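Read through the structure below, which is laid out as structure tokens, and then see the notes.
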Amino acid sequence: MDHFRAYKAIDNIIAGETNMSHTSYELCPWWEVDLIDDYIIDEIVIWNRIYPGDDTVENRLFPFTLYILENDRSVAWSESITQFQNTPLVFSIPDVVGQHVRIQLDSQEWLNLYEVQVFAQPVPEPCTMLLLGTGLAGLGLYRKKKGKV
């Protein structure tokens, strides 16, 4: 069904019973987004599915592990959440560089997500950092010379 596809977790719509990402009932289901390039990830916000009057739907997300993966798929950072937490779940990330964000349940269950928000900034290009460093060093030498004249 189209209304349960993975992209529904990144469409900027945070509620709605047909507007979510939803897997089949399976062992350790996962959801993942590819950021296409490396980014310095600052924060991840997960909007869990809620269903008024039925706590079992909200509890499906727990326990799970949140991963930030590098472009070679190695784990750059992870955090496991074992206890129920209210939505949204906000993760402050210690400036980890990664290309993929993955949410994986640690058990057999359905994975339902309303929305996943990744707040990040581009990794500075090495040339930019070299030019900036050279420019600052040059400015320091210029000021030193100017002071001697």
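What to note about this one:
- Residue that is surrounded by the fewest Cβ atoms within 10 Å (Cβ to Cβ), among those in segment 29-74 that are at pLDDT 90 or above and in a loop (DSSP other than H, G, I, E, B): ASP72
- A Cβ distance below 6 Å, combined with a sequence gap of six or more or placement on separate chains, defines the contacts here; from segment 97-116, residues that are more than 16 Å from ASN59 (Cβ to Cβ) reach residues that are part of a strand (DSSP E or B) and not hydrophobic (A, V, I, L, M, F, W, C) in the pairs VAL97/ASP38; GLN99/ASP38; HIS100/GLU32; HIS100/ASP34; ARG102/GLU32; ARG102/TYR67; GLN104/THR65.
The values are calculated or read from the model by the stated rules, or taken from the named source; none is laboratory data. None of these values were measured; they are calculated from a predicted model. A quick note on method: Cβ atoms are made from the backbone with ideal geometry, for glycine too, and the neighbour counts reach across all protein chains shown.
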